[in-house]
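These notes are about the structure you will find just below.
The values are calculated or read from the model by the stated rules, or taken from the named source; none is laboratory data. These numbers were taken from a predicted model, which means no experiment stands behind them. In this analysis, Cβ positions are derived from the backbone assuming ideal geometry, glycine residues included, and neighbour counts consider all displayed protein chains. Surface accessibility is based on the protein's heavy atoms, side chains included, excluding ligands, DNA and RNA. Shrake-Rupley method; radii C 1.70, N 1.55, O 1.52, S 1.80 Å.
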Amino acid sequence: MPRPSLHHPLLRNARFRRFFLGRLLSLVGDAVIPSALALAVLHATGSASALALVLGCAMVPRLVLLPSAA
């Protein structure tokens, strides 16, 4: 009985692997950037109010677009 392959057939395609890796890195970057931006503002200014302003401004597009998405 042949041993089943652990790799998905799409992962054998080099173009798909590049696409998958690029998408994965993009998603990781999208997840990390808010935290990195908050820490950079806090480090640069040392001000909690500046941090709150940046985080508040980052939420505005979500709050504006959320009702239309539902």
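Summary of values
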read-out: Cα-based helix-to-principal-axis angle, 48-69 vs the chain, degrees rounded to 10; value: 60 degrees
read-out: Cα lying deepest toward the dipole's positive end in the chain, options H43, P9, G56, charges on Cβ; value: P9
read-out: The chain: angle of helix 14-45 to the longest principal axis, Cα-based, in degrees nearest 10; value: 20 degrees
read-out: Residue with peak Gaussian network fluctuation, the chain [Cα springs, cutoff 10 Å], from A14, A40, A52; value: A14
read-out: Fraction of accessible area attributable to carbon and sulfur, the chain (%, probe 1.4 Å); value: 73 percent
read-out: Per residue accessible area in Å² of the chain, where ligands, DNA and RNA are left out and the probe is 1.4 Å; value: 90 Å²
read-out: Within the chain: Cβ-based charge dipole about Cα centre, in debye rounded to nearest 20 (Lys, Arg +1; Asp, Glu -1); value: 560 debye
